[in-house]
Amino acid sequence: MSDQLDEKIDKFLKAVDVEIKEPISATTIIAIAENRRFSKRARYTFWSTSLAIAACLLFLFFVMQSKDESLPSDSVALVPSSILSDRDRVLLEDVMFFSNEFDQSTVLLDDETFDLFVMLQPLEE
Amino acid sequence: MQYTSAKPLFFPVSSHGTQNKQPSTDEVEPSEESRWLSSVADGEKQAMGLLVGKWQEPLYRFFYRSLGNHADAQDLTQKTFIRIYKAASRYRPSAKFSSWLFTIARNLLIDEVKRKQKAQTIEFQEELTSMTSSSLDGKSVVDEWKEIFQHVLQGTPEKQRTALLLRVQQEWSYLEIANLMEVSEQLVKTWIYRARQKLKDRLKILEKKGEL
């Protein structure tokens, strides 16, 4: 009885009567495998290229930013001479000349300053 | 084509990243499949045809009995061959070719079972309880009990099912199955006994009902 059951079970498990619906061809297997390999490589190329481009752009961004920071702050405020009239330009040059002269003036000593004040003080009647 | 045994051994790696087999100290005599695989690795695509021709039916039956539908069996059989084709250059006959083949097949099966697990358990319970003679009207008696068997088989854990199928379909020894599944021989025996017992119990019920 048990042997009969086992036989039935084995027959079922062996599935000899089960036939493959669409026989698999080696050509299909190779084509799929090669295609996947290609798409994998293409995906890898895409990502590596994208990453390289992104890195270049980031580098350029930082370079530009550091360039901006290194520029003198007053340089932006400089007024191009072309927009000044001739008269204004002469005046500006004079002002610059005087300022140089002030820079070169000597600082008076304390005693001399005192003497000077005394000399300048109007005499009391 | 001359097979060179001096090359390093290949140990199939599961999709979960673990090694499935321990290195075998004694090399196995290269089978015709080994020679075909070396030819495939050398770019001779006709050899792949021979391999597919010989193993597609056993693989298909294994998947079909395990999953119970043609579409999945077809899909997994194809996936197994694709993996074999890709790994052809790495294959070294450290064990029987069929061991390597079914290691790949089982890894794919486990992935598929995991993917379907949730839906399958719910569906299975519902289908099995609602499966009566009336629901199977229009089918022959043989078809009926096969369908019931298939459901019972699918209800057993994957390990028990695979062990039973390898034992019956491939006629592997308990030791071979134990090596593939990385468990003890005793555990394999237990699994096979339990799976078979479930089928027997169902068969007895059907016989009592007079449906067989």
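The values are calculated or read from the model by the stated rules, or taken from the named source; none is laboratory data. Here the structure is a predicted model, which is why all the values come from computation and not from measurement. Here the Cβ positions follow ideal geometry from the backbone for every residue, glycine too, while neighbour counts run over all protein chains shown. What goes into the accessible areas is simple: the full protein's heavy atoms, side chains included, and nothing from ligands, DNA or RNA. Shrake-Rupley method; radii C 1.70, N 1.55, O 1.52, S 1.80 Å.
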Highest average packing first - B:59-66, A:58-65, Cβ atoms within 10 Å: B:59-66, A:58-65
Lys/Arg +1, Asp/Glu -1 at C-beta; segment B:26-117 dipole; positive extreme among B:89, B:117, B:52: B:117
Summed residue charge, Cβ within 12 Å of residue B:72's Cβ, Lys/Arg positive, Asp/Glu negative: +2
Area accessible to solvent at residue B:55, 1.4 Å probe radius, in Å²: 30 Å²
Residue-averaged beta-carbon neighbours from other chains (10 angstrom radius) around B:86-94: 1
Pairwise burial A:B, computed as accessible area of each alone minus the pair, summed, 1.4 Å, Å²: 3200 Å²
Whole-percent carbon and sulfur share, accessible surface of segment B:26-117, 1.4 Å: 46 percent
Calculated P(r) of segment B:131-207 - Cα pairs past 18 Å, %: 45 percent
Number of partner chain Cβ atoms within 10 Å, mean per residue of A:2-9: 4
